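Have a look at the structure below before the remarks.
Nothing in this text is a laboratory measurement; each read-out follows from the coordinates by a stated rule. In this text, all values refer to a predicted model and were calculated from it rather than measured experimentally. Here Cβ is always computed from backbone atoms with ideal geometry, including for glycine, and neighbour counts include all displayed protein chains.
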Amino acid sequence: MSDSKEPVSGPLRRLGTSLLTLGRIRLELLAIEAQEEKERVAGLALWAVLAALLAGFGLLMVLLLVVVALWDSYRLLAIGGAAVVLLAAAAVAFAKLKALLAQPTTLFRASIGELCEDADALRRRP
């Protein structure tokens, strides 16, 4: 009787080892994707903040130039126009931010695809 159990335990052990190895590989892929996404988001945030600050300072300097140039004759109109321009730029920025937040994330897309392929491969086997 013990001889009949030996052949069954060998394939089960190999199957278990294979499943553990496959799971480890998929977890490593998930970790790599998470690290890549973290680095991408950090770089994106850094450049977005820098670009926004520089663009904001540039716009502020242009508006200040217009206000100073029109100070003697149209000071209130120049200040009001500058405020409208800044508020319009802020509205555009908020609309773009809302559109970006509405987009679906691509985090773990490759891992999910690999897991789906694994599941399909397991379903095809007899």
In whole angstrom, how long is each semi-axis of the equivalent ellipsoid of the chain, when you take the square root of 5 times every eigenvalue of its Cα gyration tensor and sort them from largest down? 65, 13, 7
Evaluate the charge dipole of region 2-124 about its Cα centre and quote only its size in Debye, nearest 20, assuming +1 on the Cβ of each Lys and Arg and -1 on the Cβ of each Asp and Glu. 200 debye
For the charge dipole of region 2-124, defined by +1 on Lys and Arg C-beta atoms and -1 on Asp and Glu C-beta atoms about the Cα centroid, which residue among LEU86, GLY113, TRP47 has the Cα displaced farthest towards the positive pole? LEU86
